[in-house]
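As structure tokens, the structure follows; a few thoughts come after it.
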Amino acid sequence: MPLHRTAPANTLTTFAADLLHDRDISWCAAGVLAYLLSFPDGVDISVATLTAQRKEGRAEVAAAFSELEAAGYLRRVPSEGDAVYEVSDMRPDA
């Protein structure tokens, strides 16, 4: 599923420090979000591709995606043919 960042991509990855202080998400979810924010728009990302890149298993990565979605950091946005993951370093209610 393609990834869409809500902030412009730079050579350095930047994000709001609030996400690291958000006690509603696990350390794993915060790490996955920071990793997702490091990619430019259009990169094809899935639970399977992330699982292949780190030692966490499919269940842990899927749980992190679910946490991020529940907290509002990640949204699945319908698009032509497939959905797009939209990620943000800010919660919508913040």
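The values are calculated or read from the model by the stated rules, or taken from the named source; none is laboratory data. Everything numeric in this text was worked out from a predicted model, so none of it was measured. Counting neighbours? That spans all protein chains shown, and the Cβs are built from the backbone with ideal geometry, glycine included.
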When the stretch 57-94 is examined, which residues are found to be closer than 15 Å to ASP22 by Cα and at pLDDT 85 or above? ALA64, GLU67, LEU68, GLU69, ALA70, ALA71, GLY72, TYR73, LEU74, SER88, ASP89, MET90
If we keep just the residues of the stretch 21-60 that are aliphatic (A, V, I, L, M) and not in a helix (DSSP H, G or I), which is farthest from ARG91 (Cα to Cα)? ALA52
Hey, can you tell me all the residues within the stretch 70-79 that are touching a strand residue (DSSP E or B) at 6+ places or on another chain (Cβ under 7 Å) and not in a loop (DSSP other than H, G, I, E, B)? LEU74, ARG75, ARG76, VAL77
Number of positions in the stretch 45-83 that are aliphatic (A, V, I, L, M) and under 16 Å from LEU33 (Cβ atoms): 11
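Quick one: in the stretch 32-52, which of the residues that are closer than 11 Å to PHE65 by Cα and touching a residue at least 24 places away in the same chain (Cβ under 8 Å) is surrounded by the fewest Cβ atoms within 10 Å (Cβ to Cβ)? Steps first, please.
Taking the stretch 32-52 as the starting set, the residues that turn out to be closer than 11 Å to PHE65 by Cα are 32-33, 36, 46-47, 50.
This time we only want the ones that are touching a residue at least 24 places away in the same chain (Cβ under 8 Å), so: 32-33, 36, 46.
Working: VAL32: 26, LEU33: 25, LEU36: 24, SER46: 14.
My answer is SER46.
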